[in-house]
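Note sheet for the following structure.
The values are calculated or read from the model by the stated rules, or taken from the named source; none is laboratory data. Quick caveat, the model's predicted, so the values are computed rather than measured. Positions of Cβ are backbone-derived with ideal geometry, glycine not excepted, and every protein chain shown enters the neighbour counts. Note: areas computed on protein heavy atoms with side chains; ligands, DNA, RNA excluded. Shrake-Rupley method; radii C 1.70, N 1.55, O 1.52, S 1.80 Å.
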Amino acid sequence: MKHHFIRNIRRETKHYRWRMGASVCFVIVLFLVLIARMYYLQIVQYEKYNTLSEKNRVAVLPIAPNRGLIFDRNGVLLADNLPTFAIHIVPEQAENLDETLALVDKLIGLSERQMTNFEREKKRRRRYEGVPLRLNISEDEAATIAVNSYRLPGVNVVGGLMRYYPEGEVFAHILGYVGRINEQELQQIDPARYRATQFIGKTGVERYYENYLHGDIGLENVETDVRGRVLRVLSIDEPVAGNNLYLTIDINLQKKAEKLMENTRGAIVAIDPHNGAILTLLSHPNFDPNLFVQGIDHESYDNLTGDIDQPMFNRAIRGQYPPASTVKPVIALQALHKGIINTQTSIPDPGYFKLPNSTHLYRDWISEGHGGSVNITRALIESCDTFFYWMGDKMGIRNITESVVAFGLGSPTGVDISGELSGLVPSPEWKRATKNEPWYPGETVIASIGQGFFIATPMQLAHMSATLATRGKRVKPHVVAAIELSNGDMMEIETEELPPAFKGSQHWNTIQESMKSVIHSSRGTARFLSDNPYKIAGKTGTAQVFSVPQGEKYDASVIEERLRDHSIFIGYAPADNPTIAIAVIVENKNGASRIGKQVFDAYLLGE
Amino acid sequence: MAILHSGRNRETNSNSLQKRASLWQRLHIDPLLLLSLLILMGAGLFVLVSAGNQAAGMLDRQLIRFGVALLGMLVVAQIPPRYYKMAVPVLFLLGTLLLVMVLMFGDVGGGAQRWLDLKIIRFQPSEIMKLVVPMMVAYYFSKRPLPCTFKDVIISSVIVIIPVLLVAKQPDLGTALLIAASGLFVLFLAGLPWRYIIGMLVAAMIAAPALWLVMHNYQKKRVLTLLNPESDPLGAGYHIIQSKIAIGSGGLWGKGWFKGTQSHLEFLPERSTDFIFAVLAEEFGLVGVIVLLSLYSLIILRAATISMQAQSTFTRLLAGSITLTFGIYIIINIGMVSGLFPVVGIPLPLVSYGGTSIVTLLLGFGILMSISTHRQLVSD
């Protein structure tokens, strides 16, 4: 013991016992306070709490917000909400859920899909909340359920709203569609916000603008009886409807585009080059989005996905095609800009190009060639491949890549429709990384006419066309013009400027004049389009699907339909003051430039 | 007289060591304490079966936990208190070090850093500190003459406040509160002069607004919710509203075992853990509540008796603190469930489903048994 003191054990013990005794008494007193509290809750207020517990369970019911509507630029309704009836089951109220479900099946029929949906929805509901079993039932079915309600405890017919697309397939690839929330989406959404919501945007604008369209959930405090039936509403926190959207699309132009693409596979994208507003966006064939709202049945779904024409495939933003000769103006601009050629530079065209020390012939689309002296202007107007082979070899792949990247190829345009793909601009680095192979000079040669590994979406080509129209000023394309806020104000989508391409270059005139001559000169590849009161500037292209063996000639009549060349057209009009820029792709047949012109006519002349 | 008295006590007890209580004494078991603990735990399981609503494995896991904890209690009871006393400073330093490590490397669970992963086992050092902190303060006072001086108060307060702050920082307000209480009980039992007690109370009242400023948002919300549960009926207030409905609707006799609608229809949250008292009150009514509190009182009275009969300063202060902390546990939990206190995560001792607190509580009772059965062999 290092402490030298004498403990007064007697005093210490006495002191301790006093304090400990007092403390224990205090604890016991607090216990009595707790018992008094219990007496107050369980005896004095018994009636109140018993009522709350047994007779009137207070329930908070969520109310789904109305989804925002979607209109075209003139206010024509494109996505509506229609009132429907649905059958909901409160599992807690059904005395025997399996029996109840069997009886509902007997009365109005239930599909397997509806059953699995029901099981999934059941898991994310709170107790005493209705779980949707069948949506969009007919009035007869609703009546059948109502008549049998005494045998169906917990089964309710509930009114609700369902998405409806009055224009059907014409807007399918712009709007996309809504569908029931699936497991994967369940992980990503805020469960509190979506507690009453059954539908979510799956593709297109519906998906891209989901946050605006959805709105805010409402809550309703209700008193319910033992079986969960609502006795009275205590208070309501009203839901806030989703924002309405106004598109940049004009429904008449869109319908015209649909008609032009009849019996055709392909896509049309038209843009206002000054503000990026998309005037029409069509992928054909298309599908009826209304099928997906109620949950499409297996047979129809298999028919859609199994269709060789792929109506579900959004060619406008996901179709990736070789841009072919449509990139020639861009590559020409780079060559002029970098001083690799000038407007006087000309070469003879024997109908083919040959790399030094190689026997391989890169053939022009005209087998006998374009004549003794082809310069850049002629090469663009007549789409002379030989000139571009030669020039591409001279300028190198890096120059080609640099120019098309400046016009936005190789990366998504950022258009506000979900699912856009980025295409591909090949480069030696890309080839090394993905194929572990070196870049061959021959690949530069075919890249210079937009073939080879080169791919781009119609969206990107339309954007490129718009940039050619504005002499390098680039704006982000968008399909939504304005969002209507809940207070009624319109929030306009602002024009988003992108880094310009070849801004202020002195060679723009050469390129634009050449593109104009493609239509309006006697040798232009699209001279048959020149019968109109305004001027068009454009460039045609032919994308190879099937490569013709060395020494053979392409002959459409002997090649299987699906392997025939795609025709492509980019252009803008009026040529001197463009208000519309376009890209058209027609799969496996000619006619892209004619369709492009007809869209111009419709937009500029109102035909 | 008192000396004579205790001397005689010692004599009769040493006689009894050889005759009456030979078996229990040799096993180092306090039969009355053990019996009341077993009854309480049995009754708790009864409630848990209903609260868990036949959740698979819940009963088994709780039984295993009880088994392990009881075994630990019996082992702890075999070790004479003087060994604990010897080990205390090391245990305290080690515990504090572990708390620091938790803050630095601990695993985050439920938004707070409480767990330390030692590869083999994961545990909460803060739980152990519920025993080590009162031991350390008792150890300190066993080296000092009593009643304590101002210097003693300061030093012992520092011993308490360091681990409390470390635990509060995790943040685990409930455990910090219990550790603080267990340490302050020792201080009080050691004879903290009343003027300090009053001074502390005044200081606490002044500090309350300052505390409000450093509290986490969720803690503030709990306090506000307590004052007006209806203000947030879907969020924090939901627990309290539903818990009060469960208790109140139980009435005098309760709705019967397995017949509590509040708990079985899942209106009641956390019904097998922190809010298990509401299940008991709903299904067994006021009568059940009184039976439960009587069982608790029995344990507390027996534990208090052990502490009063303890012969050294260290053992009696420690025993007293363990006893009172057990009481405070009960009061805070029931007060919380019935809407008297804010919701702090403190389980109903030995009834709530859940691991760590059961082990710590029974180890504490093991120490009490050790103190009770090693009495004659101890000299300070």
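Looking at segment A:106-115, which of its residues are under 37 Å from the mean Cα position of the chain (by Cα) and either assigned to a helix (DSSP H, G or I) or over 20 Å from A:ARG180 (Cα atoms) (or both)? Give the steps one after another, and end with the answer.
First pass over segment A:106-115, keeping only residues under 37 Å from the mean Cα position of the chain (by Cα): A:108-115.
Within segment A:106-115, A:ILE108, A:GLU112, A:ARG113, A:GLN114, A:MET115 qualify.
Would you check if B:ILE371 is more than 11 Å from every other protein chain (Cβ to nearest Cβ), under 12 Å from the mean Cα position of the chain (by Cα) and part of a helix (DSSP H, G or I)? Answer is no for this residue.
Among all residues of segment A:352-360, there is none that is in a helix (DSSP H, G or I) and buried (at least 17 other Cβ atoms within 10 Å of the Cβ).
If you take the residues in segment A:78-106 that are open to solvent by 50 Å² or more (accessible area, probe 1.4 Å) and at pLDDT 85 or above, which one is nearest to A:ARG207 (Cα to Cα)? Ranking the candidates gives A:LEU82 first. Suppose we keep only residues that are modelled with pLDDT of 90 or more and under 20 Å from A:PRO323 (Cβ atoms) within segment A:477-502. Which one would you say is surrounded by the most Cβ atoms within 10 Å (Cβ to Cβ)? Top of the filtered list is A:PRO477.
Against the test of being at pLDDT 90 or above and among the charged types (D, E, K, R), the options B:ARG316, B:ARG375 yield a single qualifying residue, B:ARG316. Number of residues in segment A:24-79 that are more than 9 Å from chain B (Cβ to nearest Cβ), outside any strand (DSSP E or B) and within 57 Å of the chain's Cα centre (by Cα) equals 13.
Sub-7 Å Cβ pairs linking a first residue in segment A:443-457 that is at positive phi to a second residue that is among the hydroxyl-bearing types (Ser, Thr, Tyr) and not in a loop (DSSP other than H, G, I, E, B), at least 6 apart or interchain, are A:GLY450/A:SER325; A:GLY450/A:THR326, ordered by first then second residue.
Selection of segment A:421-459 for residues being among the polar types (S, T, N, Q), surrounded by 15 or more Cβ atoms within 10 Å (Cβ to Cβ) and outside any helix (DSSP H, G or I) yields A:SER422, A:SER427, A:SER448, A:GLN451, A:THR457.
Set side by side, the residues B:PHE123, B:PHE92, B:PHE66, B:PHE105 differ, and just one is at pLDDT below 90 and within 21 Å of the chain's Cα centre (by Cα), which is B:PHE123. Scanning segment B:174-206 for residues that are away from every other protein chain (no Cβ under 14 Å) and in contact with a Lys or Arg (Cβ under 9 Å, 6 or more places away or on another chain), we see that the one that is farthest from B:LYS221 (Cα to Cα) is B:ILE179.
Residue-wise test of (1) polar (S, T, N, Q); (2) farther than 21 Å from B:ALA87 by Cβ.
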site	(1), (2)
B:ILE300	no, yes
B:ALA303	no, yes
B:SER312	yes, no
B:SER321	yes, no
B:THR325	yes, no
B:ILE328	no, yes
B:SER338	yes, yes
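Of everything in segment A:154-169 that is open to solvent by less than 20 Å² (accessible area, probe 1.4 Å) and not in a strand (DSSP E or B), the residue that is modelled with the highest pLDDT is A:TYR165.
In segment A:321-349, what count of residues is obtained for those that are open to solvent by 70 Å² or more (accessible area, probe 1.4 Å) and assigned to a loop (DSSP other than H, G, I, E, B)?
Here is the first cut: in segment A:321-349, the ones open to solvent by 70 Å² or more (accessible area, probe 1.4 Å) are A:337-338, A:342, A:344, A:348.
So of that shortlist, the ones also assigned to a loop (DSSP other than H, G, I, E, B) come out as A:338, A:342, A:344.
Qualifying residue count for the region: 3.
When the residues of segment A:171-188 are filtered to those that are among the hydrophobic types (A, V, I, L, M, F, W, C) and surrounded by fewer than 24 Cβ atoms within 10 Å (Cβ to Cβ), which remaining residue is nearest to A:GLY68 (Cα to Cα)? The extreme case among them is A:ILE181.
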